[in-house]
Amino acid sequence: MKLLFFGTKSYDKKYLLPYMEQEKYAGIQVKFIEADLTPNTAMLAQGYDAVCAFVNMDVGTQTVELLNGCGVRLILMRCAGYNNVDLETAKKYGIRVAHVPGYSPESVAEHAMALALTANRHLHKAYIKVRENNYSLTGLLGVSFYGRTAGIVGTGRIGAAMARICQGFGMKVIAYDMYPNRSLDFVEYVSLDELLRRSDLISLHCPLTPETHHMINIDTIEKMKDGVILVNTSRGGLIKTEDLVRGIRENKFFAVGLDVYEEENGTVYEDMSDEIMQHSTVARLLSFPNVIVTSHQGFFTEEAMQAISETTMENALAFENGGKGPNELF
Ligand code: NAD
């Protein structure tokens, strides 16, 4: 089979190449290109059986239709989330779609806690201050997490890992999920409203769906405790950004940590340091002293990259062998 990897960075190749050298994957002919998969680049897949894309790429209706015209039969997402893929159109054309579920949930959860701690203790500011010979503590006051309440929204693989981390910090852990995770016997499941009302730290770990889109909006923000810390490592669309900005301006939040945000597509994973920023809400978020934003890097650890590479190649191999892989979405 012929497989085209879109949006390949040096770190993707570093972790994928060792698998390609293995005998078992010898039947998979791979090409890496730097361009992201979008409607403008989909035609590059002409003559390929499969394409591999990542979380930030546009695999919407138009792209899927173009891929179908190119003869592509398999879309491999080298990530867990697939909200950027038009599954209905893929299904209509008989294009199979596979993803990589749960490659290293701890990696994302650890990043969520890193964001919470950094924003809370202002490490991003402290780092710069000390480098500039400024040892004043003004503006660096934080809160201790010990004994406080962590509210986890979505207790699947990543949310469960975050719940365990919060428990390790001596926090009381409450959670909201339609399907309680029975392995988390230390977690108290409550309604979303109760979680919003009681939590000192809220961490979002549910997928982006039509139901969860903008679940954090001015109404839900008003239900939160004053001085709450909010962390989002799941998907930008869970939070209505303009309402978040309003809440921050009204001093609702002690701190906010975002690994994902609504306007990230088109900028995330690219070095745009020489360019004029076009997104006004990101600029507004970056202007707040108690907000820290990272570039969708929660997954980015050695463990996750290895697991993503191996599972992606296994997903391709299942197709090559004519079977249905365990990670196919329908
Ligand atoms: P998962 O499928 O294991 O868990 C998701 C949980 O959310 C499930 O328990 C589900 O019941 C729950 N859920 C669904 N709808 C809900 C709702 N309306 N309210 C509350 N809970 C709801 O997924 P996961 O592996 O834990 O990943 C969670 C999300 O993290 C992914 O969907 C993805 O968007 C994001 N993610 C981000 C990164 C990153 O680098 N920042 C990496 C991987 C995944």
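Observations, loosely collected:
- Out-of-range pairs (alpha-carbon distance over 19 Å; input LYS24/LYS324; LYS13/LYS324; LYS31/LYS92; LYS2/LYS31): LYS13/LYS324; LYS31/LYS92
- The separation of region 182-241 from region 43-109, counted between C-alpha centres, amounts to 28 Å.
- Proximal charge balance of SER295 [Cβ under 11 Å; K/R count +1, D/E count -1]: -4
- Charge tally for GLY236 (other residues, Cβ to Cβ under 15 Å; Lys, Arg +1; Asp, Glu -1): -4.
- Amide H contacts of MET57 (H built 1.01 Å from N, under 5 Å, at least 5 apart or other chain): none
- Basic side chains Lys and Arg get +1 at the Cβ, acidic Asp and Glu get -1 at the Cβ, and with that the dipole of the chain about its Cα centre reaches some 560 debye.
- Taking packing as the residue-averaged number of other Cβ atoms within 10 angstrom, the listed peptides 212-218, 273-279, 200-206 run from highest to lowest as 200-206, 212-218, 273-279.
- Sorting the segments 51-59, 19-27 by their residues' average number of neighbouring beta-carbon atoms within 10 angstrom, most packed first, yields 51-59, 19-27.
- Max mean-square fluctuation residue, GNM over the chain, Cα-Cα springs under 10 Å, options TYR103, TYR176, TYR146: TYR146
- Toward the positive end of the charge dipole of the chain, with +1 on the Cβ of Lys and Arg and -1 on the Cβ of Asp and Glu, the farthest Cα among MET77, SER309, VAL260 is that of VAL260.
- Net charge, ALA53 excluded, C-beta distance under 11 Å - Lys, Arg +1, Asp, Glu -1: -1
- Proximal aspartates and glutamates relative to LYS225, as straight alpha-carbon distance under 14 Å, when same-chain residues fewer than 8 apart are discounted: ASP193, GLU194, ASP200, GLU250
- Candidates SER107, SER144, SER309, ranked by Gaussian network fluctuation over the chain, Cα under 10 Å, top entry: SER144
- 5 angstrom amide H check on TYR189, placed H, neighbours 5+ away: ALA175
- Taking trypsin sites (Lys or Arg not before Pro) across region 173-282, the ones in a DSSP loop with at most 12 further Cβ atoms lying within 10 angstrom of their Cβ are ARG182.
- A 1.4 Å probe run over the protein chains yields, for the chain, 47 Å² of accessible area per residue, whole-number rounding.
- Cα-based equivalent ellipsoid, the chain: semi-axes from gyration tensor eigenvalues, Å: 37, 22, 19
- The apolar share of the surface of region 51-110, taken as the fraction of accessible area on carbon and sulfur atoms (1.4 Å probe, ligands and nucleic acids excluded), comes to 47 percent.
- Sorted on the mean count of surrounding Cβ atoms within 10 Å across their residues, most packed first, peptides 92-101, 283-292 read 92-101, 283-292.
- Taken one residue at a time, the phi angles of region 184-194 give Karplus couplings (6.51, -1.76, 1.60, θ = phi - 60°) of 9, 6, 8, 9, 9, 7, 9, 6, 4, 4, 5 Hz. Gly and Pro are set to x.
- Choice from GLU242, GLU314, GLU132 with maximal GNM fluctuation in the chain (Cα, 10 Å cutoff): GLU132
The values are calculated or read from the model by the stated rules, or taken from the named source; none is laboratory data. Note that the structure is a prediction, hence the values are computed from the model and not measured. Quick reminder, even Gly has a Cβ in these numbers, built from the backbone with ideal geometry, and neighbours come from all protein chains shown. When the accessible area is computed, the model is the full protein with side chains, heavy atoms only, and any ligands, DNA or RNA have been set aside. Shrake-Rupley method; radii C 1.70, N 1.55, O 1.52, S 1.80 Å.
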